[in-house]
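Working notes, beginning with the structure itself.
The values are calculated or read from the model by the stated rules, or taken from the named source; none is laboratory data. For clarity, every value in this text was computed on a predicted model and none was experimentally measured. Cβ atoms come from the backbone with ideal geometry, glycine included; neighbour counts cover every protein chain shown. Only protein heavy atoms, including side chains, enter the accessible area calculation; ligands, DNA and RNA are left aside. Shrake-Rupley method; radii C 1.70, N 1.55, O 1.52, S 1.80 Å.
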Number of protein chains: 2
Amino acid sequence: MRAVDIIIKKRDRQELTAQEIEWFIRGFTQGDIPDYQVAAWAMAVLLNGMTDEETTALTLAMARSGEMLDLRSVVPIAVDKHSTGGVGDKTTLVVAPLVAACGLPVGKMSGRGLGFSGGTLDKLESIRGFQANLTTEQFLAQLANVGVVVCGQTADLAPADGKLYALRDVTGTVQSIPLIASSIMSKKIAAGAQAIVLDVKVGLGAFMKTLAEAEQLAHLMVAIARKTGRRAVAYLSDMNQPLGVAVGNALELREAIETLQNRGPQDFEAHCLEIASRMLVIGEQSPSMETAYQTVAQVLKSGKAWQKFLDWIEAQGGDLGVVLEPHRLPSSKLRQEILAPESGVIHQVHAEKVGLAAVYLGAGRAKKGDSIDYGVGIEVHRKVGELIQKNEPLFTVHANGEEQLSLARQMLSEAVIIKEEPIDPLPHFYGVVE
Amino acid sequence: MRAVDIIIKKRDRQELTAQEIEWFIRGFTQGDIPDYQVAAWAMAVLLNGMTDEETTALTLAMARSGEMLDLRSVVPIAVDKHSTGGVGDKTTLVVAPLVAACGLPVGKMSGRGLGFSGGTLDKLESIRGFQANLTTEQFLAQLANVGVVVCGQTADLAPADGKLYALRDVTGTVQSIPLIASSIMSKKIAAGAQAIVLDVKVGLGAFMKTLAEAEQLAHLMVAIARKTGRRAVAYLSDMNQPLGVAVGNALELREAIETLQNRGPQDFEAHCLEIASRMLVIGEQSPSMETAYQTVAQVLKSGKAWQKFLDWIEAQGGDLGVVLEPHRLPSSKLRQEILAPESGVIHQVHAEKVGLAAVYLGAGRAKKGDSIDYGVGIEVHRKVGELIQKNEPLFTVHANGEEQLSLARQMLSEAVIIKEEPIDPLPHFYGVVE
């Protein structure tokens, strides 16, 4: 087999065999096939597409390129969740302890934020002492003992995906639905997931801007799960406006705590209840969504999820003092409200613009490896469809510098559209693919 | 400017500016833009195409990546010719001294054979002592003193093209008409050509298999010449069957000598007269093709072209003894005729199959850097449309080993189709683009 022939086959829109894909990915991982050949191949994939069979073969090849975790000794069914990334999406912080408190252990490898999209690990690291890097042994032990663990992906998990993603990032080949789907699914499969709830964000603040793209990605990931003997259910959820109120690491952590204490924002709580219920169903802990929903709502209300959160944070070395007294979490020096310039109905709160404003404040990373400021961020006080009076607050900006504050104000004022005529609120979900 | 944005722009079918292309090629040549980014870009170019303006900008960027020759101190108008490569194409060997003998000096940089296609330098090097590598100073001096010089391209001529071609070769991005056109034209422009006769081969033994592709390439190269203030005329010439009789280095050199002595094959002589006449016209030495044709035919007949050939070979150190007594050129140990298995009309002499048979005999290179055997090759005794009787010779194979001979016999027998019904001869030319 020659790498150039595999490139030419894909260039000429022919279907690659599983054997060819496996050989190509193995050669790439081992350094036998150079970056320039893989870059040309990735561009051919982006422009010519791949069949579901090819994408599944790629997923498995990347999953098998490193360690394959097996969680079956620790959990009855290894259930995972994955969000494609959005603004204000702190769902894992609530859902992981909530599902664990319902009796289904959750062991999850998570990522960091990049660009306008936040990352679960960054939010957790706003807790002093929280340890995001665990060994496989620590991960398995905590999953068995505490029932919930969230940590960074180890370098040996799907290394081919890490290597391919780094190359895609610099060759304009990120925006390929088969490459995105196989990247996500390879990591989930390598991390031992048997059942996965996928939260495919769609809209202005998501990587998938249109419902058609999001549906395509959702269907593809569900198909990959089926073809590899796993199960997946995908939600198409709104990301035109931020999820919940808080955007920014400590702010979002605080909102997660409030939600676990039954005083979180309604839209975010509803989102968490849906995702958690679905995890119980595909984890075979509940016979139906109705039963699951009752269980989850009751466990949240009872405080057991909040207790599980505390156990989890403590197990990973986090300072419980700041969690129990969230005003001690990192905060900002400056705080300023942005007021409505006129009365009317909110027609848009542009999620990407809000996310980018948070990045400029220091809450996120313009590029990999940038340091972040845990205390800064934005509170979003109104959602699409709501009425607002002139001079009522639209946002509260938390900043650590006048210049950042001023730039964020500018960006946020461009994120909002207020009109006279009424408009329906945005739905939480556009559909479910299973 | 960021390389990844240039890749993305091309990926998304947007037109690149001349400035962007210039920056990208300069960065690549200097090693600032890595191979993997250029590979992804080349695949995007192959699949999405380029406009004539983009291709022209690429041509100029590659031409300017190294030394730019200026021949105007030595020749009134620097005229060049270029063939896209075929089987049995020894045209330069005749045309260069012929045009020079008509009073228009010809200084040309040529290439080596690769795959089924032969190279002028290899044919010349079958003459003992012939020096293909000249310095720029030697090149210019010989052009001034002798009026004809053909040598290898210096490393400093269009180095970006050399680097890009090497990358395209291993990334499945050779077969792109804009990339082929800019590769050819960048070298011609860097070598100082002001007027160029292009011989675009089309058919079974050419890189362009269809007339549509060949026309596209021809139009594009003529457009590039116009947009850069040069002049080009492109012939679309047949390469379904080999040109002339001889295929193989010393055999082809011998056929060129015979043609210069007015006893070459009719099809090849006609081809040379047409190309040479066109060079005189675009070199402004003749007012019309009719006049040019008379001049060229007369100069060939008179022996002046043959004398110019001898002066040329001598100037580059070639042993005139073997040229004057061609039986002393490298020859093969084994010689065998392949006879017609039946009587009928020749419907096909598949040029690529004949070319590959010659490669297997040792006349060409399977890959760059392979050594070649000057004495081996094939004589093609019949052309499409001609009658043949059973057991009359179709080919004579010149080989240096039984195994190669046997394999070549097999390949050649598959190259020929004989049928009962008559068929028209193949045309020499399918058209002229100017």
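Figures for the structure shown
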| item | result |
| --- | --- |
| Given charges at beta-carbon only (K, R positive; D, E negative), |dipole| of region A:80-168 in Debye | 200 |
| Nm distances between copies for A:Ala144, ranked from closest, using label points 7 Å along Cα→Cβ | 8.8 |
| Separation between Cα centres of region A:156-193 and region B:215-253, rounded to whole Å | 45 |
| Charge sum, other residues only, whose C-beta stays under 10 Å from A:Thr29's C-beta, Lys/Arg counted +1 and Asp/Glu -1 | +1 |
| Residues of chain A: accessible area per residue with a 1.4 Å probe, Å² | 38 |
| Normalised contact order of chain B, rounded percent, pairs of Cα under 8 Å and 6 or more residues apart | 19 |
| Other-chain or far-sequence residues with amide H under 5 Å of A:Gly192's (modelled H) | A:Leu69 |
| Percent accessible area from carbon and sulfur atoms, chain B, protein chains only, probe 1.4 Å | 48 |
| Using θ = phi - 60° and Karplus 6.51 cos²θ - 1.76 cosθ + 1.60, couplings along region B:257-270 (whole Hz; Gly, Pro as x) | 4, 4, 5, 5, 9, 6, 9, x, x, 4, 5, 6, 4, 4 |
| Three-way shape label, region A:176-258, alpha-carbon gyration tensor, a/c 1.5 | oblate |
| A:His327, A:His82, B:His398, A:His428, ranked by accessible area, largest first (probe 1.4 Å) | A:His327, A:His428, A:His82, B:His398 |
| Simple spin-label estimate for B:Ala141 and A:Asn145 in nanometres, 7 Å along Cα-Cβ | 8.5 |
| Estimated vicinal HN-Hα couplings, Hz - region A:154-162 in sequence order (Karplus 6.51, -1.76, 1.60; Gly, Pro = x) | 6, 4, 8, 8, 6, x, 4, 5, x |
| Average beta-carbon neighbours from other chains, 10 Å sphere, peptide B:174-181 | 1 |
| Rounded to 10°, Cα long-axis angle of helix A:177-190 versus longest principal axis of chain A | 90 |
| Rounded to 10°, Cα long-axis angle of helix B:52-63 versus longest principal axis of chain B | 80 |
| For residues of A:27-36, the mean tally of beta carbons on other chains within 10 Å | 2 |
| Buried solvent-accessible surface, both chains (B, A), 1.4 Å probe, Å² to nearest 100 | 1600 |
| Cα gyration tensor of region B:353-422 - equivalent ellipsoid semi-axes, whole Å, descending | 26, 12, 10 |
| Volume per residue of the C-alpha convex hull in region A:28-75, rounded to whole Å³ | 93 |
| For region A:379-399 versus region A:76-97, the gap between their alpha-carbon centres in whole angstrom | 27 |
| Rounded if a/c under 1.5, otherwise prolate or oblate - region A:233-390, Cα gyration tensor axes | oblate |
| Leading residue at positive end of dipole, the protein assembly as shown (Cβ point charges), from A:Thr154, B:Leu300, A:Ile338 | A:Thr154 |
| Label-point separation in nm, B:Ser406 to B:Gln175, each point 7 Å along Cα→Cβ | 3.3 |
| Ellipticity estimate at 222 nm from DSSP helix runs (n ≥ 4, -39,500 (n - 2.57)) divided over chain A, nearest 500 | -14000 deg cm²/dmol |
| Aspartates and glutamates with Cα under 15 Å of B:Lys304, excluding same-chain neighbours fewer than 8 positions away | B:Glu258 |
| Partner lysines for A:Lys187 [C-alpha distance under 23 Å; skip if fewer than 8 residues away on the same chain] | A:Lys81, A:Lys90, A:Lys108, A:Lys123, A:Lys163, A:Lys201, A:Lys227, A:Lys367, A:Lys368 |
| Accessible heavy-atom area order of A:Arg278, A:Arg13, highest first, probe of 1.4 Å | A:Arg13, A:Arg278 |
| Shape box of chain B [Cα atoms, principal axes, largest first, Å] | 67, 44, 39 |
| DSSP-defined beta bridges in chain A - what % are antiparallel, rounded to 5 | 55 |
| Listed residue (B:Ile7, B:Pro34, B:Leu46) projecting farthest to the positive dipole end of region B:3-49, Cβ model | B:Leu46 |
| Net charge over other residues, Cβ less than 10 angstrom from the Cβ of B:Gly321 (K, R count +1; D, E count -1) | 0 |
| Globularity index of the protein assembly as shown, i.e. its alpha-carbon radius of gyration over 2.2 N^0.38 Å | 1.24 |
| Accessible heavy-atom area order of A:Glu314, B:Glu20, B:Glu342, highest first, probe of 1.4 Å | A:Glu314, B:Glu342, B:Glu20 |
| Partner lysines for B:Lys419 [C-alpha distance under 21 Å; skip if fewer than 8 residues away on the same chain] | B:Lys353, B:Lys383, B:Lys390 |
| Label point distance in nm, A:His428-B:Lys368, each placed 7 Å from Cα along Cα→Cβ | 6.0 |
| Helix B:351-361 vs. chain B, principal-axis angle (Cα, 0 to 90°, nearest 10) | 80 |
| Förster-model FRET efficiency, 60 Å R0, A:Glu421 and A:Asp12, C-beta, rounded to 0.05 | 0.70 |
| Mean-position separation - Cα centroids, region B:263-302 and region A:15-72, in angstrom | 56 |
| Dipole moment magnitude, nearest 20 debye, chain B about Cα centre, only Lys, Arg, Asp, Glu C-beta charged | 480 |
| Region A:3-49 shape via C-alpha gyration tensor axes, a/c threshold 1.5 | oblate |
| Highest to lowest packing among A:410-423, B:344-357, B:25-38, scored as the average C-beta count within 10 Å | B:344-357, B:25-38, A:410-423 |
| Exercise: per-residue mean of other protein chain Cβ atoms within 10 Å, A:39-51 | 6 |
| Hz values of 3J(HN,Hα) by residue in region B:415-432 - Karplus curve (6.51, -1.76, 1.60), Gly and Pro given as x | 7, 10, 10, 10, 10, 6, 6, x, 8, 5, x, 6, x, 6, 10, 9, x, 10 |
| Residues whose placed amide H lies under 5 Å from that of B:Ile418, excluding near-sequence neighbours | B:His347 |
| Principal axis box of region A:314-434, alpha-carbon based, largest edge first, Å | 50, 47, 32 |
| Label-zone membership for region A:167-193, site A:Arg72, 7 angstrom Cα→C-beta point, backbone N under 17 Å | A:189-193 |
